[in-house]
1. Taking region A:137-176 as the search range and keeping residues that are loosely packed, with under 14 Cβ neighbours inside 10 Å and not in a loop (DSSP other than H, G, I, E, B), which one is farthest from the other protein chains (Cβ to nearest Cβ)?
2. List the residue pairs whose Cβ atoms are under 6 Å apart, where the first residue sits in region B:157-177 and is of a type in the set (D, E, K, R), the second is in a strand (DSSP E or B) and surrounded by fewer than 21 Cβ atoms within 10 Å (Cβ to Cβ), and the two are 6 or more positions apart or on different chains.
3. With the checklist (1) in contact with a Lys or Arg (Cβ under 6 Å, 6 or more places away or on another chain); (2) assigned to a loop (DSSP other than H, G, I, E, B) in hand, flag the one item A:Asp182 doesn't pass.
4. Can you list residue pairs whose Cβ atoms sit under 8 Å apart, with the first residue in region A:163-188 being among the small types (Gly, Ala, Ser) and the second being modelled with pLDDT of 75 or more? Count only pairs 6 or more apart in sequence or on different chains.
5. Answer yes or no as to whether B:Val126 is hydrophobic (A, V, I, L, M, F, W, C) and away from chain A (no Cβ under 13 Å).
6. Checking the condition over 30 Å from A:Trp91 (Cα atoms), at pLDDT 75 or above, outside any helix (DSSP H, G or I) and acidic (Asp, Glu), which residue from A:Asp39, A:Asp33 passes?
7. Do we have B:Ala54 as among the small types (Gly, Ala, Ser), in contact with a helix residue (DSSP H, G or I) (Cβ under 7 Å, 6 or more places away or on another chain) and closer than 30 Å to A:Ile150 by Cβ here?
Amino acid sequence: MSGASGGLAAPVRVKRGKLSKRKKGKRVGFTLDMTPLVDITFLLLTFFMFTTTMAAPQVMEMSIPPESVPIEVKENELLTLRLRNDGKLFWNMANDEPKPVSIKDVRKIAETENLRPEVLNKLITVFKVSEDAKYGEMIGVLDELNLAEIKISDVISQKKDSEGNPEKRKRRFTLAPLDTADVNLIKGL
Amino acid sequence: MPKVKKKRLSFVIDMTPLVDITFLLLTFFMFTAKFKTEAESQQKFFIQRPKVTADTSKIPDRNIAIVKIAIRDTVDGVVVNDTTYNYELVNESDRQQVWASLEGLPEKMKAKPMLENISLDMLSTVIRNTRITNPRTMFAIDADRRVRYKWVWDAMEVMRKNRATIFNYVTEKKSGL
């Protein structure tokens, strides 16, 4: 066994000079045939590349009240959003006339209405969805409401309660079915 | 006499950088790979999830039951083009217990990882039994964005009745901004 053959064996020092009989050429570098390694690696790489799905599904959390008990809400603290079967969206405060609104503007409305000082942290958003509306549209509106929450809870947390702790966001929004009265209200708009 | 050119028989390419990069990519894909669950690989329908803005909350891998509301073109080979309820329970041990507890479930459905095309009554029973078997189970609604809201609302009512009041909507990230 020659001294330079393996990395595992303890290195044997070969004295160069008069004592060593055979002069060994110093190995500067060595080549290793990496082709099989590359073959296998590419095979695995392509396998993983094709089996991976990049867009992992995400979730939107939702909580509903356990029983549908009617809750008393002051009229001026109620923001109603109605989604009609044809995908048109309407909004109104309290008992105002419903006004059509596009999904993109929901965020702005939710922010302005929620941040009015007299109803801050008291406003309840009721989202009434027609049975025939598309589920995707309803999620789109919920998404906008969730985006509005960022600013709303930020403003609320800057206020301090009696003990000096930042105030917590209390009410968010609830889902409700669109009943006949609602349908008539937004008919022809 | 002209010089005879020696033909090159072999040559060597230094493959080290190639291997470096390949291994880097390989490890990246290996660690990010997420494999389909048993039920997903056998699933015969495709759900177009609603698209929302990016959120960091990902769907959990364990202790989750998914109510899938899908538009199916065929049920058992018959063209229907209708909405169906399907129920998937990810934990295998829970699944065996819950599936076994269901009365009136055909034998061939018991072997499957997902209950396909079930009625609302069956959905109610299966949700109740899931909650009895493993109270920590979280629920998710994975519905097609094209289905009528009524289908989702009915499923939510069933969940409410069985006191599964906190659940998740499975969504997809909107591409772009």
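The values are calculated or read from the model by the stated rules, or taken from the named source; none is laboratory data. If you're wondering where the values come from, they're calculated on a predicted model, not measured in any experiment. For neighbour counting, all protein chains shown are included, and Cβ atoms are generated from backbone atoms with ideal geometry for every residue, glycine included.
1. A:Lys160
2. These pairs meet every condition: B:Glu172/B:Lys51; B:Lys174/B:Lys51.
3. The number of the failed condition is (2).
4. A:Ala176/A:Val126; A:Ala176/A:Phe127; A:Ala176/A:Lys128; A:Ala176/A:Val129
5. Numbers: hydrophobic (A, V, I, L, M, F, W, C): yes; away from chain A (no Cβ under 13 Å): yes.
Criteria met by B:Val126.
6. Numbers: A:Asp39 fails: outside any helix (DSSP H, G or I).
Of the residues listed, the single one that is over 30 Å from A:Trp91 (Cα atoms), at pLDDT 75 or above, outside any helix (DSSP H, G or I) and acidic (Asp, Glu) is A:Asp33.
7. On the way: among the small types (Gly, Ala, Ser): yes; in contact with a helix residue (DSSP H, G or I) (Cβ under 7 Å, 6 or more places away or on another chain): no; closer than 30 Å to A:Ile150 by Cβ: yes.
The answer is no for B:Ala54.
Residues checked against (1) within 27 Å of B:Glu92 (Cβ to Cβ); (2) crowded, with 21+ Cβ neighbours inside 10 Å; (3) within 21 Å of the chain's Cα centre (by Cα); (4) facing chain A (nearest Cβ under 7 Å):
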| residue | (1), (2), (3), (4) |
| --- | --- |
| B:Met138 | yes, no, yes, no |
| B:Asp154 | no, no, no, no |
| B:Thr165 | yes, no, no, yes |
| B:Thr171 | yes, yes, yes, yes |
